[in-house]
Amino acid sequence: MKKMTRLMALVLCLVLCVGLLAGCSSSSDDTADTTEAATDTTETAGDSAAPVETADDGSAKTFVFGTDTNCTTFDPAADLQNNSGGAVAAAIIEPLWSIGTDGSVELRLAESYEWTGDLELTVTIHSGVTYSNGNALTSDDVLYTLEHLRDTSRTSSMVATIDYDATYCPDDYTIVIVLSEYDASLFDTLGNASNGILDRETCEADPNFTWLIGTGPYKLQGDGDSDRSGWTESVQYTLVRNETYWGDAPYYDEVIIKFYAEESTRYADLQAGNLDAAYLTEATYINSIDAGTIAGVDLVKQAAQGVQGLSLHSEIISSEASGEISSEEYESPLTDINVRMAVAHALDVATIVEALGEGTYDVATSILGEDNWAYLDVGTYEYDPEYAAECLAAAGHSVDNPLTLTLVAENTAFNTALAEACQAYLAVIGINLDLSGMGDFATILPTLLTNGMDLAIGTPSNGSGTDPASLLQQFGPSSDNGLMRVADGTLVDLFTSGSTSRDTEERTAIYAEFQQEMHDQYRFIPLYTETKSYGVMSEHTSFADALNVTNMLDVTLLTD
C-alpha cells in the first residue's frame, strides 16, 4: 500500500509537471511569462483586432468578447454548443421563453401559454414579429423548429415526448403542442437559448445552415448571400443591431465574438485591453485575475446546477432499445461492475480537481449540483488503489495483464490535463487509458452518439434550466448520448417516473433514489461542479446579470 501510494504521488507529480509545461495548469512562472508576452499584443495575439473605443457621444458602441473556437455551421441544434456558439445563438435567435436560475419562466416570443389539456400545451406567439430578413414569424416556424430538434441526433431525445402527428397550428400565431406523456423537462428545453425559433423558409433553402437568421436583437453582419462579413472563419463573428427588431434595441450597436484556440493568447488580448471580456477555463488565468493582476479587470465566476464527471459505459444498449440512435453495439469491459469499481476507487478525485483546478472548481458529491432542489449528497468514492486493484483482479486484469479502456472528451486544456491525470492513476492498478478519442466537439459528437468507447468526460445535461429532468437528460433511456444513457430497468423506471410526475415532493424522493442508485452502481463518477469564469473589464457591471442559466453570455442583456 505504501509503495503504491508513493508511486501514485510520483506519477501525479509528473503529470502535473507535464501539464504545467504544456500550459494545461498553472504556476507563478506561467503568470509571469504571460504578463511579459502580453506587452507586445501584435506579436502574441496574431490576428487580434485593435482596441475598440466605445464612446458616450452617441457614436457606435462596440463590445468585444474573446472566447473559444468557432463552430463549423450555424445549426443551433447540432453545432452552436460551445461558448462562442452559445453567445451567437443567444444574440440572433429567440426561444419561446427563458428559464431563470430559480426555475422561473420569462416569456420571449411566446405571448402566453396554458395547459388546455392534461397533455396539451397551447402557446400563443407575438404577432407582428419579423426575422431580420423580413419574413414574418408564424406558428409554423415554431412547428418547424420542433421538427428540426426531432430530426437532429443531438437533440432528438429532448423532444421525444412530443406527439408530432397530433401537434398542430390552428392559426398563424397559435401552436398546440401535444405530448405522448408529461415531460417535466419541456419548459427547460423550449427555453434553451440554442433552441430559438428558426425561419422555416430560410432553413429549408439552406439545409446545411451556412448562415443564421433570427428574430433577435442582433444579426450577423451582411446578408448571408453576397455579403458574409459577419463570419470570418477561425477569427470572429461580427454582430450588428437588427434594425427591424420587434423589442427594445440592445445597448451595443456591434458585438464582436473573437475565437482563440489558445487561452494564453485570449488572456494576453484581455490584458492588452483589446477585449471587454474573455471566457476562461485555466486556473493560471482565473486565479491571476482573481488576485488583481490585471488592473481594471474583474473575475466573474458562477457555478451551474450541473456537474462534470466521468461517465462509465456500463451496459449494452442495442440500436433498437435506443430508438436506432446507435450505429452499432459494443460491449465495454465496464459492463462488469468490478471494472467500474476499480476505476472509481483508483482515482483520487479530490486531489486531481484541486491540483489541476487550483481552487477554481469544487469537488462534486452527486450527479446534481448542490444548488439544485433535488440534490442528494451521496458522497465521493474513497480513493483506495489497493482495493481498486483487487476489484480489477476479480475481473481478470492486473498490472501484469493490463486492461485498455478508451476515453472520449472535448480536448480543452483542462479536459486534457484531467484525462492525463486519470490515465496516470489508472496505470498504477493495470488500466491503460487510451486518449486518442479526444477532439473538438464536432469530431467527438458522432462517437458520443454510438456505443464505441468506454468512458466520457462530460455533463449529464443536454438542455438548459434547473429541472433535474433536464439536468440529467443524457442519462435518460431515449438519450442520444450512447456513453451516458441508462438501460438498467430500475434506473429507467426511476428516470421515467421523475420526468413524468407533476408532484415536487414525489419527484424529490424519486431523484434522491436515482442519485443513490447511480452511485451504488458506479455508473458516473462526479468530478467537479460545472463552473464558468470570465475576465471582465470593471466598467461592465451588468456582465454577471447577462449570463444565462447555463452561465453562457447573452450579450442582449448587457447594459454598460
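Observations on the structure shown:
- Here the dipole of the stretch 196-239 is about 180 debye; that uses its Cα centre as origin and unit charges on the Cβ of Lys and Arg (positive) and Asp and Glu (negative).
- Relative packing of 234-240, 349-355, which averages over residues the other C-beta atoms within 10 Å, highest first: 234-240, 349-355
- Ranking Arg502, Arg150, Arg241 by solvent-accessible area of protein heavy atoms (1.4 Å probe, all protein chains present), from largest to smallest, gives Arg502, Arg150, Arg241.
- Relative contact order (percent, whole number), the stretch 401-533, Cα cutoff 8 Å, 6+ residue spacing: 18 percent
- Largest accessible area first, the residues Ser501, Ser153, Ser436 order themselves as Ser436, Ser153, Ser501 under a 1.4 Å probe with ligands, DNA and RNA left out.
- Within the shell defined by Cβ-Cβ distances under 9 Å, the residues around Leu212 carry a net charge of 0, with Lys and Arg each +1 and Asp and Glu each -1.
- Which of Met341, Met518 is most accessible, then next, and so on - probe 1.4 Å: Met341, Met518
- Contact order relative to length of the stretch 155-215, as percent, for alpha carbon pairs under 8 angstrom and 6 or more apart: 24 percent
- Qualifying aspartates and glutamates (Cα of each under 14 Å from Cα of Lys258; at least 8 residues distant if same chain): Asp47, Asp68, Glu233, Asp269, Asp276
- The Cβ shell under 11 Å around Ile429 holds other residues with a net charge of -3, Lys and Arg each +1, Asp and Glu each -1.
- Taking Lys and Arg as +1 and Asp and Glu as -1, the other residues whose beta-carbon sits under 14 Å from that of Leu179 total -4.
- Of all aspartates and glutamates in the structure, the ones whose alpha carbon falls short of 12 Å from that of Lys219, not counting any fewer than 8 places away in one chain, are Glu94, Glu243, Asp253, Glu254.
- Global geometry of the stretch 147-219, whether rounded, prolate or oblate, following the gyration tensor of its Cα atoms and the 1.5 cut on a/c: prolate
- Rolling a 1.4 Å probe across all protein chains gives Thr232 an accessible area of roughly 60 Å².
- Rounded, prolate or oblate (a/c below 1.5 giving rounded, otherwise prolate when a/b exceeds b/c) for the stretch 339-479 by Cα gyration tensor: prolate
- Highest-first packing order for the peptide set 79-88, 176-185, 375-384 is 79-88, 176-185, 375-384, based on the mean count of other beta carbon atoms within 10 Å.
- Rounded if a/c under 1.5, otherwise prolate or oblate - the stretch 162-276, Cα gyration tensor axes: prolate
The values are calculated or read from the model by the stated rules, or taken from the named source; none is laboratory data. Nothing here was measured: the structure is a model prediction, and the numbers come from that model. FYI the Cβ positions are ideal-geometry reconstructions off the backbone, even for glycines, and counts take in every protein chain you see. For the accessible areas, the whole protein counts, side chains as well, though only heavy atoms, and no ligand, DNA or RNA atoms are used. Shrake-Rupley method; radii C 1.70, N 1.55, O 1.52, S 1.80 Å.
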